[in-house]
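To start, the structure itself, in structure tokens.
The values are calculated or read from the model by the stated rules, or taken from the named source; none is laboratory data. Nothing here was measured: the structure is a model prediction, and the numbers come from that model. Ideal geometry is used to build each Cβ from the backbone, glycine not excepted, and the neighbour counts take in all protein chains shown.
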């Protein structure tokens, strides 16, 4: 029995978006193609991130500054100010690069399907860009694709 590979279940030639595209363009692509996330490419067609529904929905969430306490002239934060700045950037951003998740987890097309499942479960993600031997984007594999792999 042969081991199932990522390339056997991935969606080849995924729909992508450029990093400097308007957020509205990414939303339209996702709605038109009924997909929940897009690989983001730079002008050399190199993968630079992923934009997902979660990255876009955060724009609708209320922006709450981090809780802090002033004590003897010092500010003590109860939450990370960095997460507030990250949320602020996503809320005010106008381009895909402002809201995308950068440095996405990826997988090679020739990797076993079990490795894709392990990455998706371990990192609580919904999709993995699939790369060839030269690190070119050749596909995307999602939780739904992994479910198909379970069916004989």
Exercise. Among the residues of region 11-35, which ones are assigned to a helix (DSSP H, G or I) and without any contact (Cβ under 8 Å) to a residue 60 or more places away in the chain?
Worked result: 24, 27, 28, 29, 30, 31, 32, 33
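Condition check ((1) at pLDDT 65 or above; (2) surrounded by 17 or more Cβ atoms within 10 Å (Cβ to Cβ); (3) part of a helix (DSSP H, G or I)) across all residues:
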| site | (1), (2), (3) |
| --- | --- |
| 62 | no, no, no |
| 65 | no, no, no |
| 70 | yes, no, no |
| 114 | yes, no, yes |
| 124 | yes, no, no |
| 148 | yes, no, yes |
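Okay, residues lined up against (1) over 23 Å from residue 137 (Cα atoms); (2) out of contact with any helix residue (DSSP H, G or I) (no Cβ under 8 Å at 6 or more places or on another chain); (3) surrounded by 11 or more Cβ atoms within 10 Å (Cβ to Cβ); (4) at pLDDT 95 or above:
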site: 3; (1), (2), (3), (4): no, no, no, no
site: 18; (1), (2), (3), (4): no, no, yes, yes
site: 53; (1), (2), (3), (4): no, no, yes, no
site: 75; (1), (2), (3), (4): yes, yes, no, no
site: 78; (1), (2), (3), (4): yes, yes, no, no
Seminar exercise, completed: Picking from 119, 128, the residue that is at pLDDT 95 or above, under 17 Å from the mean Cα position of the chain (by Cα) and assigned to a helix (DSSP H, G or I) would be 119
For this session: Looking only at region 137-145, decide whether some residue is under 16 Å from the mean Cα position of the chain (by Cα), closer than 20 Å to residue 13 by Cα and surrounded by fewer than 18 Cβ atoms within 10 Å (Cβ to Cβ).
Result: yes
For this session: List every residue pair whose Cβ atoms lie under 7 Å apart, where the two residues are 6 or more positions apart in sequence or sit on different chains, the first residue falls within region 94-119 and is free of Cβ contacts under 8 Å to residues at least 60 places away in the same chain, and the second residue, located anywhere, is in a loop (DSSP other than H, G, I, E, B) and surrounded by fewer than 14 Cβ atoms within 10 Å (Cβ to Cβ).
Result: 105/123
